[in-house]
1. How much of the accessible area of region 473-624, probe 1.4 Å, is carbon plus sulfur, in whole percent?
2. When the Cα centres of region 29-102 and region 397-449 are compared, how far apart do they sit, in Å?
3. Between the DSSP loop rule and a limit of at most 14 other Cβ atoms within 10 Å, which trypsin sites (Lys or Arg not before Pro) in region 212-246 are left?
4. For ARG128 and ASP420 in the same chain, what is the full-extension length gain: residue separation times 0.36 nm, less their Cα-Cα distance, in nm?
5. If you count only protein heavy atoms with a 1.4 Å probe, what accessible area per residue comes out for region 506-624, rounded to a whole Å²?
6. Just the number, please: carbon plus sulfur as a percent of the accessible area of region 22-172, 1.4 Å probe, no ligands or DNA/RNA counted.
7. Is region 166-246 rounded, prolate or oblate when judged by the Cα gyration tensor, a ≥ b ≥ c being the square roots of its eigenvalues, rounded requiring a/c under 1.5 and prolate requiring a/b larger than b/c?
8. Given R₀ = 35 Å, FRET efficiency for THR235-LEU530 by Cβ-Cβ distance, to 0.05?
Amino acid sequence: MGRDDPGAAWAVARIGVTDGSVSPVFPTVREVLALDPVRHGAPRLVAGDVGLDRPVRWVHVAEVPDIATLLGGGELVLTTGIGLPADDAGLRAFIGDLADVGVSGLVVELGRRYVSGVPRVMAAVAERRGLPLVELRRATPFVRITEAVHALIVDAQLTELRATEEIHQRFTELSVEGAGPGEVVRQAAELSGCPVVLENLSRQVLAYDPAGESAELLLDGWEQHSRRIRPAGRTAYDADSGWLVTTVGARGHDWGRLLLRWPGGGDLAAGRRVLDAAAEDGAAVAGAPPTRLTILVERAASTLALGRLIRRDAEGLERQIHRTLLTALLDHSRPVDEVALRARALGVVLERRHLVGVMVRHRADDPAAEGGPAAEAGHPADPGGGGPEAGPARLRDLAEAVGQALHEAKLTGLTSAVDDHAVGVLLALPDPAAEERALAAFATALRRGRPDSPGRPDGPSRPDARCNGSARPPGGGVLVAAGSGVGSLREARRSLIEARQIADAARRDRRDLPIFRLPHVGLAGLLHLLRDEPRLQTFVERELGALLTYDAQHPREQLLGTLRAYLEQGRNKSAAAAAAHLSRPAFYERLARIGRVLDVDLDSVEACLSLHVALLALDAIRTP
């Protein structure tokens, strides 16, 4: 099948979905000149070669000089010239009008009006305006040219529709299957042939697919690079950077951005694979991405947002069906009276008891990160070893150890794994006075059964397991967190949630305490708990976004460090200048610049308090 064939095969090869090609829907002037009906006319380009890659939206035959008023731009005009003006001024006006309206090119058949060639004035004006001017030196039926080009355009548009339909079908399937963010991003990269990145509101990468390019080059310095990508609108193309960006969120709550790098724009050099694929077909890559890619990123973003909502609902439903009574208390998935009734049937009396929520978890989510001193002392960090089963295996092991500790301490209560990393306990005590004694007995029994528990003589509390005289950094061992005691089952959820929050925050605490309680968790711990909350990320962006963007654009200054030194030294400028290793005049000048960038008064206690909280929140967001 030749390239002049108006059938869909050439259009599919040129704008297919499966090969990742992203050529424009419309053929270019260069491609039209390569069609057999045009080549039959022995075409010769007279002027305007810079416009050969203009897309041809339609072909129009015209023999009157005032045709420009009837055109809308993008047409390839065919004429024999018999109705064109005879004077140079008229020809200049004719070519100028066509260029002004935005036609793709002008094709003149020689023989009827012009025998040896078009007038020089036409060629001169066309060259100056960048309008392709082509002579057909052999008589050619214009109808053959219009049929071939129009059929090509229609088939290409149908192919684009099929491509769009495949996009909708693919992402609908992903939504139904409950695909995770990684799979959605991978499919978007496969369909587009372009690198795709999913980030949160703090510009941290949640998932990515480099589409065959270097992941290191793609993600190197991502946060600073991302802050320079500031398109206008919810879905827009940033021509300076070459990224097509859309916001990800649902129900009025945005939580990230999906970015697709289009190699036709910006100063990007990494998109050669797509560019070369398009060049092999003789297709020109336009400066802006085609509409199909906009549809693709928006559908991918919708799938991501929907998937997040479905996973939340599915989690609650699965817990309601499969989780134990402890999880039912956490999720309000069963009435409290039903929980009490079923617990009593199990031999655990929860009515008229003093209840204390406890959470036991590993400091590290990754079993491979739990080597540490315990492993060095000959204690395996994870009984299950590595591999995909290591996490569930060590969680089962931890749950068994917690149950055994309850038995040894002669305590009663509900106990269960409440998520992928933590085991929860609801202690049922006879009275509040027994709380401290019961918790101490439980922690002691757990230490005896777990070599990686805090305070064990041959475990983390040994001198050789510490760093510079302080407790060893998080990354190994088990921690125990307890919430405040409550007097009724209806309040038990509050104690359990408090224990879970304390346990999450304590992962960053360097101390090895037998039991972590609420007073041990400060502001930094609270912000760490909220680090995935979009509202906290929005607060950080509102307070520090302008400064982070400034630092990204001026990497040598790094004003954020200056602000940090100023706030950490209690707004003592002399001490802060010394801590920042700057002279006082230089430090004062930087503070003034920070005030201008953020539009705040750094002498204001309230403003500095807000900035300090935002800095702590930024640290929490950046710390896994």
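1. Of the solvent-accessible surface of region 473-624, carbon and sulfur hold 53 percent.
2. 85
3. Working: sites: ARG227, ARG228, ARG234; in loops: ARG228, ARG234.
Answer in residue order: ARG228, ARG234.
4. Values: separation 292, 0.36 × 292 = 105.12 nm, distance 6.85 nm.
Residue separation times 0.36 nm, minus the Cα-Cα distance, leaves 98.3 nm.
5. Per residue, region 506-624 has 52 Å² of solvent-accessible surface.
6. Within region 22-172, the accessible surface is 54 percent carbon and sulfur.
7. Cα axes put region 166-246 in the prolate bin.
8. Details: r = 28 Å, r/R0 = 0.81.
The calculated FRET efficiency here is 0.75.
The values are calculated or read from the model by the stated rules, or taken from the named source; none is laboratory data. This is a predicted model, so every value here is computed, not measured. Every residue, glycine as well, gets a Cβ built from its backbone with ideal geometry; the counts of neighbours run over all protein chains shown. Accessible surface is based on the protein model in full, side chains and every heavy atom, while ligands, DNA and RNA are left aside. Shrake-Rupley method; radii C 1.70, N 1.55, O 1.52, S 1.80 Å.
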